[in-house]
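Structure first, commentary second.
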Amino acid sequence: MCGIVGYVGSNLAYPILIDGLKKLEYRGYDSAGVALHTGNALEVYKKEGKVAALEDFVYGKNIQATVGIGHTRWATHGVPSDRNAHPHYSNSGNIAMIHNGIIENYAQLKSELQQKGYTFASDTDSEVLLNFIEDIKINNDCSLEEAVRVALKRVVGAYVILLIDKDLPDTIIAARKGSPLVIGIGNNAHYLGSDASPMLAYTKEVVYINDYELAIVRPDELILKNLGNERITPFVQKLDIELAAIEKGGYDHFMLKEIFEQPQTIFDSLRGRLDAEHQHITLSGVDKIKEKLIHANRVIIVACGTSWHAGLLAEYVIEELCRINVEVEYASEFRYRNPIITDKDVIIAVSQSGETADTLVAIENAKKQGATIFGLVNVVGSSIARMSDAGAYTHAGPEIGVASTKAFTAQLALLYLIALKVAYEKQTIDQTLFNKLLGDLAKVPQYVQDILEEQDAAIQEIARKYADANDFLYLGRGFNFPIALEGALKLKEVSYIHAEGYPAAEMKHGPIALVDENLPVVFVATKDSYHEKIVSNIQEIKARKGQVIAVVSQGDNVVAGLADDVMVVPQIHEIIAPILSVVPLQLLSYYIGINRGLDVDKPRNLAKSVTVE
Ligand code: F6R
């Protein structure tokens, strides 16, 4: 939520900041703004809407500054508007600040400041924090750095803040707790960002800032301190991402590019780990906590949104193959409901961004109670990855489209590997099934490629036919139930059509009342142990004149004969089949969104990385 960028160096800051904001726009696009230090003055430009609106606003202005900060906002406190856009000026006008996060005790701080005569130009919690810092600076007659340190000791909440001060023409002060901050080291320059994408064009050397750290950043100097004012040696890491990975590469949208990247990204998440020929799985993260996993009382999977759907499928798979009790928890509920956790529990945190606030706090709490934490994360070096006792990266590469696609299938690929490895070590799977599943998993990248090549045109047709529907129902049973949920979520996100996912049999307990000739019902109906039952469910919908769109296995003439429209996927073992079934549903959502003329990469109200509760 909210993207932040900063630059100190000898080049013009504004173009670098704008370019960085465009790369971070997936984190929020309610407003955008920049603050520049011209050497003797601060200049702030900000505008409601996307970064393009800011660019239009600034067009023609001659901004001569080599230091600046920029922000793209996902609104929390205060509606999207010019006045609530960041950066904010302090009351004196001497400091400008951007903030990503939430200041929970802002109301109290605000009333204290108001009593002292401070006024506020916005409704944001961020402006309160800025003036709180300024107040300390004035009262204590101290440096900005010292004032930030003092202020942050009283602040409750999550933040990354970047500040520039009229009296410090070559400096950005930055601090973090709970929201991500990366600093790139350039040639006599430093780049700051919520992730590394804004700096990829300039440097591969980065420092991930930790919670409660404060950075004083100048062109030739990066000083890192803790809140106790002790120096910390920055840990410089080399980035392993190419610029091309964060560009559209000829596709109309990131979402489409990412859907079509899946043969490669699934392959990447299996690469070096799955050896189907020699029936072996290498996962050092699992080896590290192998005994814990084998003897676990429970595996608790915590996640949100699409990652939660991956966790739900993993529950079915791990229970089936490993005979371990699994619970899947919404991180936001889990963190607040005082769950009973022991040192015999293993928590698997599933997260694309590795920064989701609820997931992060949920594992923090579980860790305190003695559980072992395994992080299954896409973004390398992210907070969840760093907090975990062990883990594995999904290797899907940067996911820019706000609706998650390739990260989901990479999560599934990795969760399959984990389940299979633990089942093998625990001897709860026989060698024949183990070999079969490994073999089928290895075929997935090619099968996804086949689906994309063979079904794309048909799915575009189906999307055109149903693009004006008001509601959709998604139904699936067993291993395909989580895919029904994911299909419905994807459609909601990018088309704004109301869609619900249900277990197919549960439909009779209520949702069937919705069915009439106007309701498209998507069945995830690949050939599996429940096939006859799902055929009956399709009949029940048809008997009530519902329109059936079905994901079917190649050669399944029964469902194909009943459905109004079909999307065909290759036949594969039923445990592995869901990773194929989701691909046509991703395409369907994408094309329906496009038919409705929507910005599928940046759906309204959403942000990619939910770093606030
Ligand atoms: C849906 C989507 C979200 C995320 C959720 C968790 O397309 O992207 O539902 O899955 O916000 O995010 P991560 O996986 O980053 O923890």
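Note that region 357-362 has calculated 3J(HN,Hα) couplings of 4, 5, 5, 4, 5, 4 Hz, one per residue in order, obtained from phi through the Karplus relation 6.51 cos²θ - 1.76 cosθ + 1.60 (θ = phi - 60°); glycine and proline are x. Within region 166-245, the GluC sites (Glu not before Pro) that combine a DSSP coil assignment with at most 11 other C-beta atoms in a 10 angstrom radius are GLU230.
Here's the picture: charge each Lys and Arg Cβ at +1 and each Asp and Glu Cβ at -1 in the chain, and of LEU321, ASN557, GLY249 the one pushed furthest to the positive end of that dipole is LEU321. On the beta carbon distance between VAL79 and LYS153, with R0 = 30 Å, the FRET formula returns roughly 0.45.
With +1 assigned to the C-beta of every Lys and Arg and -1 to the C-beta of every Asp and Glu, and no other charges, what is the dipole magnitude of the chain about the Cα centre in debye, to the nearest 20?
Roughly 640 debye, rounded to the nearest 20.
Separation of region 317-351 and region 546-601, taken as the distance between their Cα centroids, equals 30 angstrom. Let me check against my output: what whole-number percent is the relative contact order of the chain, with C-alpha pairs under 8 Å and at least 6 apart? It rounds to 12 percent for the chain.
Counting helices only, and only those DSSP H runs with n ≥ 4, report the 222 nm mean residue ellipticity of the chain as the sum of -39,500 (n - 2.57) divided by its residues, in deg cm²/dmol to the nearest 500. That calculation yields -12000 deg cm²/dmol at 222 nm.
With +1 assigned to the C-beta of every Lys and Arg and -1 to the C-beta of every Asp and Glu, and no other charges, what is the dipole magnitude of region 1-146 about the Cα centre in debye, to the nearest 20?
380
One chain, two ends: ILE138 and ASN338. Fully extended at 0.36 nm per residue, the span grows by 67.7 nm beyond their Cα-Cα distance. DSSP bridge analysis restricted to the chain gives an antiparallel fraction near 60%, rounded to the nearest 5. Per-residue Karplus couplings for region 568-585, computed as 6.51 cos²θ - 1.76 cosθ + 1.60 with θ equal to phi - 60°, are listed in order as 9, 10, x, 6, 8, 4, 4, 5, 8, 3, x, 5, 7, 4, 6, 5, x, 5 Hz, Gly and Pro entered as x. Under the convention that each Lys and Arg Cβ holds +1 and each Asp and Glu Cβ holds -1, the size of the dipole of region 475-613 around its Cα centre is about 140 debye.
Only bridges whose two residues both fall in region 329-434 count here: according to DSSP, what percent of them are antiparallel, nearest 5?
Details: 0 of 10 bridges.
Roughly 0 percent of the beta bridges in region 329-434 run antiparallel, per DSSP.
Full extension from GLN446 to GLU247: what is 0.36 nm times the residue separation minus their Cα-Cα distance, to one decimal in nm? Mind showing how you got there, number by number?
Working: separation 199, 0.36 × 199 = 71.64 nm, distance 2.40 nm.
Once the chain is fully extended between GLN446 and GLU247, it gains 69.2 nm.
Centre-to-centre, using Cα atoms only, region 135-177 and region 1-66 are separated by 21 Å.
Applying both filters, DSSP loop and at most 11 other Cβ atoms within 10 Å, to the trypsin sites (Lys or Arg not before Pro) of region 510-605 gives LYS545, ARG604.
Here's the picture: a label point sits 7 Å out from the Cα of ARG298 along the beta-carbon direction, and within region 343-359 the residues with their amide nitrogen under 13 Å of it are 343-348.
Efficiency by 1/(1 + (r/R0)^6): what FRET value for ASP456 and ALA560, r their Cβ-Cβ distance, R0 = 25 Å, to the nearest 0.05? Step by step, r from the Cβ atoms, then E = 0.85. Between region 187-216 and region 87-126, the C-alpha centres lie 26 angstrom from each other.
In terms of surrounding Cβ atoms within a 10 Å radius of their Cβ, LYS465, LYS508, LYS50 rank from fewest to most as LYS508, LYS465, LYS50.
All of the numbers you see were taken from the coordinates with simple rules; none came from a lab. Nothing here was measured: the structure is a model prediction, and the numbers come from that model. Because the Cβ atoms are built from the backbone with ideal geometry, glycine has one as well, and the counts that use them run over all protein chains shown.
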